[in-house]
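Right, one structure below, let's go through it.
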Amino acid sequence: MSAQENKEIARQFCEQTWGKGNLAVVDELASLYLKVYYPILSQST
């Protein structure tokens, strides 16, 4: 997969999930092994 194809998938993912709240596309666009990290929300110990 080319870098341009990856960018297009990332753009669609962000637009559909965060922009439109369409979580149904996650199964279509994301890998089964996708991990999302939110460093700003990390736990303090």
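Every number here is computed from the coordinates shown, using simple stated rules; none is lab data. Note that the structure is predicted; figures quoted are calculated from it, not measured. Because the Cβ atoms are built from the backbone with ideal geometry, glycine has one as well, and the counts that use them run over all protein chains shown.
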What Kirkwood hydrodynamic radius do you get for the chain when you take the inverse of the mean 1/r over all pairs of distinct Cα atoms, in Å?
12.1 Å
Per DSSP helix of 4 or more residues, -39500 (n - 2.57); summed, then divided by the residues of the chain. What does that give at 222 nm, rounded to the nearest 500?
-8500 deg cm²/dmol
Explain nothing, just compute: Karplus ³J(HN,Hα) = 6.51 cos²θ - 1.76 cosθ + 1.60, θ = phi - 60°, for every residue of the stretch 27-33 in order, whole Hz, x for Gly and Pro.
4, 6, 9, 9, 5, 4, 9
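So, R0 is 22 Å and r is the distance between the beta-carbons of Asp27 and Gln4; what FRET efficiency does that work out to, to 0.05? Spell out each step's value before the answer.
Details: r = 23 Å, r/R0 = 1.04.
Computed FRET efficiency for Asp27 and Gln4: 0.45.
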Acute angle (nearest 10 degrees) that the helix 3-13 long axis makes with the longest principal axis of the chain, alpha-carbon atoms:
70 degrees
